[in-house]
Amino acid sequence: MKKIGIVGGIAPASTLDYYSGIIKAYRAKTNDDSYPEIVIDSVDMTEMLTYVTDSDWDSLVNMLLNSITNLVNAGANFAAIASNTPHIVFDRVKGKSVLPLISIVDATCVRVWQKGCKKVVVIGTRFTMSNGLYSDALRKYDITVVTPSLNDQTTIHNIIQKLEDGTFVLEDKKTILAVVSGILTNQNADGLILGCTELPLIIKDDDLDTLIFNTTQIHIESIVDSM
């Protein structure tokens, strides 16, 4: 069995989902009563978001590589970054990483393609929505990405910030579902990518009448396959 290293803490709540999700998926897959070996290096989310806000990509790359070094020293055989936003620099990190890395974006794109979607809505942090993280990757599969308007991006981003702090408000869920429902209908889209690992805390599979792609769960399944 390979030991997985997780760059976590971005945000803490979703890192807990990764930990419990990997254990559950691994035990279901192996069915031999064993448990997976997991190493988590929890980084400072505020520091990371400062680099993203300032477009200080060199510092973000160095931060992630330092975390991966900690995972190497803890005996990890491969690693995953437990957040969508820092995948903005994934290719740069992958090129310098001493460990193989499992991409949340790549795994999600394959799943969207396998489901036969042609046009999907992507929501996440403002950085993820505006940076083309998923639109560039899905273009290779001939899949169109719809991003919310700037006003809607601000609304979604602010709700995610609350989730990152561990705050869940029912009205926020109603707000974000109303925004997404309008976009799905107006754009005639056939899927929704939850492009932030906090969003599954508030949006569930049966909340909308469309295919919902939980990037956290997709990433977890890819990690367990690699183990």
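The values are calculated or read from the model by the stated rules, or taken from the named source; none is laboratory data. The model shown is predicted, which means the values in this text are computed figures rather than measured ones. Neighbour counts are summed over all protein chains in view; Cβ atoms, including those assigned to glycine, are modelled from backbone coordinates with ideal geometry.
Structure summary
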read-out: Residues (closer than 21 Å to Ala11 by Cβ, in contact with a Ser or Thr (Cβ under 9 Å, 6 or more places away or on another chain) and among the hydrophobic types (A, V, I, L, M, F, W, C)) located in region 181-212; value: Leu192, Ile193, Leu194, Cys196, Leu199, Leu201
read-out: Residue in region 81-97 that is assigned to a strand (DSSP E or B), out of contact with any Lys or Arg (no Cβ under 7 Å at 6 or more places or on another chain) and within 26 Å of Gln161 (Cβ to Cβ) present; value: yes
read-out: Cβ pairs under 7 Å, 6+ apart, first in region 202-227 and more than 25 Å from Arg27 (Cα to Cα), second of a type in the set (Val, Ile, Thr) and assigned to a strand (DSSP E or B); value: Ile203/Ile212
read-out: Selection status of Val122, crowded, with 21+ Cβ neighbours inside 10 Å and either without any contact (Cβ under 8 Å) to a residue 12 or more places away in the chain or over 28 Å from Thr46 (Cα atoms) (or both); value: no
read-out: Cross-chain or 6+ apart pairs with Cβ under 7 Å, region 29-46 first and touching a residue at least 60 places away in the same chain (Cβ under 8 Å) and farther than 15 Å from Ile6 by Cβ, then surrounded by 11 or more Cβ atoms within 10 Å (Cβ to Cβ) and aliphatic (A, V, I, L, M); value: Lys29/Val224
read-out: Test set (1) under 22 Å from Met129 (Cα atoms); (2) in the same structural domain as Lys162 (by TED's automatic domain parsing); (3) over 14 Å from the mean Cα position of the chain (by Cα); (4) of a type outside the set (Val, Ile, Thr) - Gln114 fails condition number; value: (1)
read-out: Number of the condition not met by Leu163 [criteria: (1) touching a helix residue (DSSP H, G or I) at 6+ places or on another chain (Cβ under 7 Å); (2) not in a helix (DSSP H, G or I)]; value: (2)
read-out: Test result for Asp152, closer than 19 Å to Phe90 by Cβ and assigned to a helix (DSSP H, G or I); value: no
read-out: Answer from Ile10, Ile4 - the residue that is closer than 21 Å to Leu194 by Cα and under 17 Å from the mean Cα position of the chain (by Cα); value: Ile10
read-out: So Ser55, is it in a helix (DSSP H, G or I), loosely packed, with under 15 Cβ neighbours inside 10 Å and outside the structural domain of Pro200 (by TED's automatic domain parsing); value: no
read-out: Residue list for region 128-164, filter: of a type in the set (D, E, K, R) and either in contact (Cβ under 8 Å) with a residue 40 or more places away in the chain or not assigned by TED's automatic domain parsing to the domain that holds Lys115 (or both); value: Glu164
read-out: Region 188-210: number of residues that are in contact with a helix residue (DSSP H, G or I) (Cβ under 9 Å, 6 or more places away or on another chain) and of a type in the set (S, T, N, Q); value: 2
read-out: Selected residue (only one of Ala25, Ala107, Ala82 is under 30 Å from Gln187 (Cβ atoms), out of contact with any strand residue (DSSP E or B) (no Cβ under 6 Å at 6 or more places or on another chain) and surrounded by 15 or more Cβ atoms within 10 Å (Cβ to Cβ)); value: Ala107
